Amino acid sequence: MSEICPKCGLPLDICACQSIQKETTQHITLYTTKKRFNKLVTIVQGLSGDALKETAKSLKHKLACGGSSKDGLIVLQGDHVNKAKQILISLGYPEEMIYIKFGR
(Lines give C-alpha, C1' and ligand atoms only; values in the text may rest on other atoms or scores of the structure.)
Protein backbone atom coordinates (compact mmCIF):
# COMPACT_ATOMS: atom_id res chain seq x y z
CA MET A 1 0.00 0.00 0.00
CA SER A 2 1.43 3.36 -0.98
CA GLU A 3 1.67 6.42 1.20
CA ILE A 4 -0.96 9.17 1.18
CA CYS A 5 -0.15 12.78 0.21
CA PRO A 6 -0.83 15.10 3.19
CA LYS A 7 -1.95 17.95 0.89
CA CYS A 8 -4.49 16.35 -1.44
CA GLY A 9 -5.18 12.99 0.22
CA LEU A 10 -4.38 10.97 -2.91
CA PRO A 11 -1.81 8.15 -3.06
CA LEU A 12 1.68 9.46 -3.81
CA ASP A 13 1.73 7.43 -7.05
CA ILE A 14 -0.93 9.65 -8.63
CA CYS A 15 -0.43 12.84 -6.58
CA ALA A 16 0.05 15.96 -8.71
CA CYS A 17 0.60 18.56 -5.97
CA GLN A 18 4.22 19.31 -6.88
CA SER A 19 3.61 19.65 -10.62
CA ILE A 20 0.60 21.90 -10.01
CA GLN A 21 2.64 24.04 -7.64
CA LYS A 22 5.40 24.44 -10.25
CA GLU A 23 2.89 25.35 -12.96
CA THR A 24 1.18 28.01 -10.85
CA THR A 25 4.40 29.59 -9.63
CA GLN A 26 5.22 33.25 -10.14
CA HIS A 27 7.84 34.51 -12.52
CA ILE A 28 11.34 33.28 -11.74
CA THR A 29 14.07 35.84 -12.37
CA LEU A 30 17.76 34.97 -12.81
CA TYR A 31 20.54 37.54 -12.72
CA THR A 32 24.14 38.03 -11.59
CA THR A 33 25.52 40.67 -9.31
CA LYS A 34 28.83 41.39 -7.61
CA LYS A 35 29.17 40.83 -3.90
CA ARG A 36 32.13 41.08 -1.57
CA PHE A 37 35.58 41.26 -3.14
CA ASN A 38 34.05 41.68 -6.65
CA LYS A 39 32.93 38.05 -6.78
CA LEU A 40 30.00 37.23 -9.05
CA VAL A 41 26.95 35.50 -7.61
CA THR A 42 23.84 34.24 -9.39
CA ILE A 43 20.50 35.23 -7.86
CA VAL A 44 17.32 33.17 -8.38
CA GLN A 45 14.26 35.16 -7.33
CA GLY A 46 10.58 34.25 -7.30
CA LEU A 47 10.34 30.99 -5.34
CA SER A 48 9.01 30.55 -1.82
CA GLY A 49 8.32 27.96 0.85
CA ASP A 50 9.44 24.37 0.41
CA ALA A 51 10.13 24.93 -3.28
CA LEU A 52 12.81 27.46 -2.34
CA LYS A 53 14.80 25.05 -0.17
CA GLU A 54 14.40 22.03 -2.44
CA THR A 55 15.29 23.98 -5.59
CA ALA A 56 18.31 25.58 -3.89
CA LYS A 57 19.59 22.18 -2.83
CA SER A 58 19.17 20.78 -6.35
CA LEU A 59 20.84 23.78 -7.99
CA LYS A 60 23.81 23.73 -5.63
CA HIS A 61 24.26 19.99 -6.14
CA LYS A 62 23.98 20.03 -9.94
CA LEU A 63 26.12 23.15 -10.38
CA ALA A 64 28.72 22.00 -7.82
CA CYS A 65 28.80 25.37 -6.11
CA GLY A 66 28.03 26.87 -2.73
CA GLY A 67 25.13 29.10 -1.94
CA SER A 68 22.27 29.94 0.36
CA SER A 69 18.52 30.39 0.31
CA LYS A 70 16.49 32.81 2.39
CA ASP A 71 14.01 35.68 2.07
CA GLY A 72 12.75 34.36 -1.27
CA LEU A 73 16.20 34.40 -2.91
CA ILE A 74 18.64 31.69 -3.86
CA VAL A 75 22.22 32.98 -3.98
CA LEU A 76 24.67 30.75 -5.88
CA GLN A 77 28.40 31.38 -5.90
CA GLY A 78 29.64 32.06 -9.43
CA ASP A 79 28.11 32.96 -12.79
CA HIS A 80 25.59 30.17 -13.51
CA VAL A 81 22.64 31.97 -15.12
CA ASN A 82 22.30 29.89 -18.29
CA LYS A 83 23.04 26.57 -16.60
CA ALA A 84 20.61 27.39 -13.77
CA LYS A 85 17.84 28.11 -16.28
CA GLN A 86 18.33 24.71 -17.94
CA ILE A 87 18.31 22.97 -14.55
CA LEU A 88 15.12 24.78 -13.51
CA ILE A 89 13.47 23.63 -16.75
CA SER A 90 14.60 20.05 -16.08
CA LEU A 91 13.12 20.30 -12.56
CA GLY A 92 9.72 20.99 -14.11
CA TYR A 93 9.41 24.77 -14.03
CA PRO A 94 7.85 26.17 -17.23
CA GLU A 95 10.35 27.90 -19.53
CA GLU A 96 7.91 30.77 -20.18
CA MET A 97 8.03 31.74 -16.49
CA ILE A 98 11.85 31.96 -16.26
CA TYR A 99 13.39 35.32 -17.13
CA ILE A 100 17.05 36.34 -17.32
CA LYS A 101 17.92 39.94 -16.42
CA PHE A 102 20.96 41.51 -18.03
CA GLY A 103 22.89 44.63 -17.11
CA ARG A 104 22.40 44.58 -13.41
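The values are calculated or read from the model by the stated rules, or taken from the named source; none is laboratory data. What you are looking at is a predicted structure, and each value in this text was computed from that prediction instead of being measured. Positions of Cβ are generated from backbone atoms using ideal geometry, with glycine treated the same way; all protein chains shown enter the neighbour counts.
Within region 87-97, identify whether any single residue is surrounded by 18 or more Cβ atoms within 10 Å (Cβ to Cβ) and not β-branched (V, I, T), and answer yes or no. So far as region 87-97 goes, yes, one or more of its residues are surrounded by 18 or more Cβ atoms within 10 Å (Cβ to Cβ) and not β-branched (V, I, T). Inspection of region 28-40 identifies at least one residue that is in a strand (DSSP E or B), within 23 Å of A16 (Cβ to Cβ) and of a type in the set (A, V, I, L, M).
Here region 15-30 is the region considered, the condition is being touching a helix residue (DSSP H, G or I) at 6+ places or on another chain (Cβ under 7 Å) and modelled with pLDDT of 85 or more, and the residue that is surrounded by the fewest Cβ atoms within 10 Å (Cβ to Cβ) is H27. Among the residues of region 76-86, just one is part of a strand (DSSP E or B) and surrounded by 17 or more Cβ atoms within 10 Å (Cβ to Cβ), namely L76.
Which one is modelled with the lowest pLDDT among residues in region 41-62 that are outside any helix (DSSP H, G or I) and crowded, with 19+ Cβ neighbours inside 10 Å? Across region 41-62, the extreme among qualifying residues is L47.
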